[in-house]
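Below is one structure, written out as structure tokens; comments come after it.
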Amino acid sequence: MSHVPDHVDSAPRPTSSTDAAAPDRPRKGLGLRNISVLDWVRLGLLAAGLLCVLTGLLPRDEAAENMRRIGPLLLFLGSVIVLAELTRQAKVFDVIAHRVAILGRGNYLALFALCVLFASATTILLNLDTTAVLLTPVMLALAAPARIPPLPLAMTTLWLANTASLLLPVSNLTNLLAADRVALHATEFAARMWAPQLVSIAATMLCLWIWFWRRDRRGSDRYVPPEPVRPRNAKERALLYATACACLLFIVAIPILGESIGIAAVVAAAIAVTAFALLDRSALRISLIPWQLLVFVVGLFLVVPTLSRLGLSDVMHALIGDDAGASGAFRAAAAGAALSNAANNLPAYTAGEAVVPPENGDQLLALLIGTNVGPVVTPWASLATLLCLEFCRTHGVRVPMTRFVLTGLGLALLATTGAVAALLITG
């Protein structure tokens with residue numbers, strides 16, 4: 001007789017993903033009572049950044065240049081999050097997740113492969129924050145009706161939100177920064193990163209199966225395929241098709257538009273917004289705009305350059321060095337992964353990028369690998385990790401921290417080392 005493993009504190013409440021919202025995102029408007037502790041930290045970071053500019057610690061010309069650099073990135077990020085949120089509300093992710101479980105036909109090996117494919121594709125094509133914010137609650141809500149232990153599903157989305165974010169510039173904000181720095185078009189970037197991405201996903205699959213998915217970890221031989229999710233009426237069907245088409249349009253545009261991918265994100269988001277404006281206007285709320293993430297990025301690009309001027313650059317240069325060969329690449333990746341787990345991957349990348357010589361393209365991409373693949377050891381290492389863990393908490397799924405840290409350390413070492421080696425071999 002099957003049993004639920006003791007590492008699961010309780011089964012997730014059977015909540016549809018349409019009821020789930022980002023844990024740190026206000027549900028109604030932007031009132032003070034809706035602002036979480038994490039939101040206050042982001043606002044504090046922005047205030048600190050503005051103070052750096054006002055006091056002259058960061059010259060205004062440098063601050064303005066940083067804002068010009070991230071302006072298109074903020075437009076892309078805001079648009080793609082709006083697109084993904086409306087796609088979630090139209091139940092596109094629910095439909096796919098349930099179909100994935102149905103295709104597995106109760107076989108855990110098949111379900112494992114399909115979940116890895118689903119989470120990897122979402123991260124690669126729509127951004128890692130989409131996987132963290134939208135796919136995690138969908139997968140956890142799937143656990144109860146299919147009688148699947150929720151922890152393997154949670155760790156699949158949590159780890160792949162980070163480790164599957166190497167292939168395209170749109171997969172991660174750090175990728176957009178790196179692609180701009182090394183002047184690589186989307187297809188050129190993918191041609192450079194396909195091997196590290198494959199190695200990273202393979203390492204993640206190996207670690208997931210050994211530590212979370214094998215028989216003595218999941219606690220049962222088979223699961224119950226759930227019923228498919230279907231639109232209840234013509235309005236829901238129209239929203240489902242419209243938002244799904246908007247996502248497909250965005251995905252198709254990625255290799256075509258290259259550096260102008262923000263335009264595709266805006267157009268796709270506009271299609272989704274128009275569909276909801278015509279069919280379900282109540283869903284269009286100000287909270288759709290990911291102001292928390294935008295505030296965090298702006299504050300970050302004011303504070304980190306200031307800290308670099310005050311000595312952080314010297315520390316990062318000592319850690320990374322300027323060797324353009326294999327030694328420099330592995331040092332950069334190790335420094336990026338270590339600083340990501342000590343603080344957060346975005347400041348780790350921006351601080352490291354500032355000291356990597358412009359001609360050291362492999363070293364910069366190795367730093368990128370460290371800051372993308374490495375942030376799986378500590379809960380605060382990346383925003384995606386933080387959000388996934390918060391969803392686990394709100395769904396009643398306990399993730400033991402000792403196990404989380406030790407398994408994450410094993411994955412970070414294996415995936416980062418392997419991905420950097422693949423980068424150098426194929427380079």
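The values are calculated or read from the model by the stated rules, or taken from the named source; none is laboratory data. This is a predicted model, so every value here is computed, not measured. Don't worry about glycine lacking a Cβ; one is built from the backbone with ideal geometry, like all the others, and counts go over all protein chains shown.
Of everything in segment 276-315 that's free of Cβ contacts under 8 Å to residues at least 40 places away in the same chain and touching a helix residue (DSSP H, G or I) at 6+ places or on another chain (Cβ under 7 Å), which residue is surrounded by the fewest Cβ atoms within 10 Å (Cβ to Cβ)?
Leu284
So which residues in segment 56-89 are of a type in the set (Gly, Ala, Ser) and without any contact (Cβ under 8 Å) to a residue 24 or more places away in the chain, if there are any at all?
Gly56, Ala64, Gly71
In segment 227-252, what residues are under 19 Å from Phe189 (Cα atoms) and without any contact (Cβ under 8 Å) to a residue 12 or more places away in the chain?
Within segment 227-252, Val252 is the sole residue that qualifies.
Please pick out the residue among Ile320, Ile256, Ile263, Ile271 that is without any contact (Cβ under 8 Å) to a residue 60 or more places away in the chain and in contact with a Cys (Cβ under 8 Å, 6 or more places away or on another chain).
Unique residue meeting the criteria: Ile271.
Take the residues of segment 350-409 that are hydroxyl-bearing (Ser, Thr, Tyr) and not in a helix (DSSP H, G or I): which is surrounded by the most Cβ atoms within 10 Å (Cβ to Cβ)?
Ser382
Return a yes/no flag: does segment 106-126 have any residue that is surrounded by fewer than 18 Cβ atoms within 10 Å (Cβ to Cβ) and outside any helix (DSSP H, G or I).
There is at least one residue in segment 106-126 that is surrounded by fewer than 18 Cβ atoms within 10 Å (Cβ to Cβ) and outside any helix (DSSP H, G or I).
Every residue, every condition in (1) more than 10 Å from the chain's Cα centre (by Cα); (2) within 18 Å of Gly262 (Cβ to Cβ), yes or no:
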| site | (1), (2) |
| --- | --- |
| Leu114 | yes, no |
| Ile124 | no, yes |
| Pro137 | yes, no |
| Pro145 | yes, no |
| Leu151 | yes, no |
| Val170 | yes, yes |
| Asn175 | yes, yes |
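Sort through Gly262, Gly299 and tell me the only one that's closer than 20 Å to Ala48 by Cβ, of a type in the set (Gly, Ala, Ser) and touching a Leu at 6+ places or on another chain (Cβ under 6 Å).
The match here is Gly299.
Would you call Ile320 under 29 Å from Val82 (Cα atoms) and either among the hydrophobic types (A, V, I, L, M, F, W, C) or crowded, with 21+ Cβ neighbours inside 10 Å (or both)?
Judged against the criteria, Ile320 is not a match.
Just the residues that are surrounded by fewer than 20 Cβ atoms within 10 Å (Cβ to Cβ) and either among the acidic types (Asp, Glu) or touching a residue at least 60 places away in the same chain (Cβ under 8 Å) (or both), please, taken from segment 95-105.
Val95, Arg99, Ile102, Arg105
Of all residues in segment 157-189, count the ones that are touching a Leu at 6+ places or on another chain (Cβ under 8 Å), closer than 20 Å to Thr131 by Cβ and either part of a helix (DSSP H, G or I) or of a type in the set (A, V, I, L, M) (or both).
20
How many residues are under 16 Å from Asn127 (Cβ atoms) and modelled with pLDDT under 80 when one looks only at segment 256-289?
Here the count works out to 3.
Kindly indicate whether Phe212 is among the aromatic types (Phe, Trp, Tyr), buried (at least 17 other Cβ atoms within 10 Å of the Cβ), farther than 22 Å from Cys245 by Cα and under 22 Å from the mean Cα position of the chain (by Cα).
Here the answer is yes, as Phe212 does meet what is asked.
Select from segment 290-328 the residues that are farther than 30 Å from Ala270 by Cβ and among the β-branched types (Val, Ile, Thr) and write down the one among them that is modelled with the lowest pLDDT.
Selected residue: Val304.
I'm checking my understanding of the structure. Among residues of segment 329-342 that are among the aliphatic types (A, V, I, L, M) and surrounded by 15 or more Cβ atoms within 10 Å (Cβ to Cβ), which one is modelled with the lowest pLDDT?
Of everything passing the filter in segment 329-342, Leu339 is modelled with the lowest pLDDT.
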